[in-house]
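Report on the structure given below.
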Amino acid sequence: MCFVQIVVLAGGVGGARFLRGVRTAVPGAGVTAVVNTGDDVTLHGLRICPDLDTVMYTLGGGIDEERGWGRAGETWTVKEELAGYGAEPSWFGLGDRDVATHLVRTRMLDAGYPLSAVTAALAERWRPGVTVLPMSDQRVETHVVVDDPDTGRQQALHFQEWWVRLRAEPQPSAFVQVGVDAAEPAPGVQEAFDAADAVLVAPSNPVVSIGTVLGVPGMREALLATPGRIVGVSPVIGGAVVRGMADRCLPALGIEVSAEGVGRHYGARATGGLLDAWLVAPGDAAADVPGVDVRAVPLLMSSPEATADLARAALDAAGVSPSG
Ligand code: FO1
């Protein structure tokens with residue numbers, strides 16, 4: 001019996017939780033996560049890949065569930081000692097256990113291993129139960145264009161500074177993926193799409209996570225050539241984002257903060273967009289996304305069971321039965 005092959009486009013916290021539900025919903029399936037790396041940053045000489053780590057830790061059982069990022073049982077001694085030296089940035093939460101991941105990754109990258117090989121090596125420890133692929137082996141870093149409150153001039157901040165230090169407070173006017181023009185999908189991404197029975201777009205940030213993944217040259221073409229159906233899950237419920245700050249990002253691209261707005265932004269596969277189907281919350285059942293099969297199902301990933309039910313609904317919309 002050939003196992004069901006599923007590809008999931010994912011960002012950080014929401015994407016990781018959704019992936020855990022997919023893994024539960026189809027235990028025997030081959031699941032490949034294509035993960036955003038636009039949030040990646042080099043701080044204190046260490047290469048940090050937040051979304052890859054959140055996916056790896058969440059699926060590997062090492063995540064701090066409450067924060068949604070970083071390690072469970074974390075301590076912050078290195079961070080405190082760095083602050084003792086006045087070593088900036090002090091605003092980024094560098095956990096002691098997390099530092100080990102960054103040290104191993106940075107050493108391997110410096111030795112010339114591509115990010116996809118580094119990610120596979122780290123996954124040897126965490127055994128996430130899905131194949132975790134960075135969207136690209138080339139560096140792509142999301143920068144946020146904001147108006148400088150003091151000078152009124154526009155400036156570009158690294159996503160992490162905007163997100164963590166400034167709590168996404170300055171209204172962004174644009175997002176720029178530095179390095180994206182020289183990027184291409186990572187090894188294994190094209191093959192995963194070619195073999196997919198279904199591609200699921202996780203309820204991640206449509207702009208800085210899903211948008212960044214799709215912005216890699218060749219990615220959209222690879223996705224749209226997949227033989228499977230493409231099913232998205234709305235990250236917006238009742239006009240509000242469930243978690244994170246997608247509502248701070250959507251207006252910059254003129255996208256309405258609603259299930260309908262995001263669905264229309266992704267667009268119908270039949271008319272040049274992405275989606276064959278779009279899952280919205282029961283309260284958003286009236287969402288009108290022309291050319292797309294809109295289905296109202298509970299979207300809150302309030303428990304592993306609820307998330308598995310959501311994943312099953314997504315696979316059902318893709319015409320994939322869990323048994324394959
Ligand atoms: N998010 C925060 O809000 N504050 C932090 O100090 C912080 C540190 C951090 C360290 C490692 C890591 O993998 C993620 C971290 N995040 C932190 C989350 C991260 O900034 C964002 O969640 C992702 O980049 C967006 O998905």
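Brief remarks follow.
- Of residues in the range 49-97 being among the acidic types (D, E) and touching a residue at least 12 places away in the same chain (Cβ under 8 Å), the one farthest from the ligand (Cβ to nearest atom): D96
- Elements of type helices (runs of 4 or more DSSP H) in the range 237-324, at least 1 residues being buried (at least 20 other Cβ atoms within 10 Å of the Cβ) and polar (S, T, N, Q): 304-317
- Among the residues of the range 68-99, the one identified as part of a helix (DSSP H, G or I), of a type in the set (D, E) and within 20 Å of E161 (Cβ to Cβ) is D98.
- Subset of the range 299-315 [of a type in the set (A, V, I, L, M) and closer than 12 Å to R17 by Cβ]: L299, L300, M301, A306, A308, L310, A311
- When D137 is tested against (1) closer than 24 Å to G215 by Cβ; (2) touching a helix residue (DSSP H, G or I) at 6+ places or on another chain (Cβ under 6 Å); (3) within 16 Å of the ligand (Cβ to nearest atom); (4) not polar (S, T, N, Q), only condition (3) is not met.
- Residues located in the range 31-45, provided they are out of contact with any Phe, Trp or Tyr (no Cβ under 7 Å at 6 or more places or on another chain) and aliphatic (A, V, I, L, M): V31, A33, V34, V35, V41
- Each residue in the range 310-323 was checked for being in contact (Cβ under 8 Å) with a residue 40 or more places away in the chain and charged (D, E, K, R), and 1 pass.
- Some residue of the range 307-318 being among the hydrophobic types (A, V, I, L, M, F, W, C) and within 26 Å of F159 (Cα to Cα): no
- Screening the candidates E191, E169, E141, E161 for the property of being among the acidic types (D, E) and closer than 30 Å to T24 by Cβ yields one hit, E191.
- A search for C-beta distances below 6 Å between a residue of the range 199-223 that is away from the ligand (no atom under 16 Å from the Cβ) and any residue that is hydroxyl-bearing (S, T, Y) and part of a loop (DSSP other than H, G, I, E, B), counting only pairs 6+ apart in sequence or on different chains, returns V199/T226.
All of the numbers you see were taken from the coordinates with simple rules; none came from a lab. None of these values were measured; they are calculated from a predicted model. No Cβ is skipped: glycine too gets one built from the backbone with ideal geometry, and neighbour counts run over all protein chains shown.
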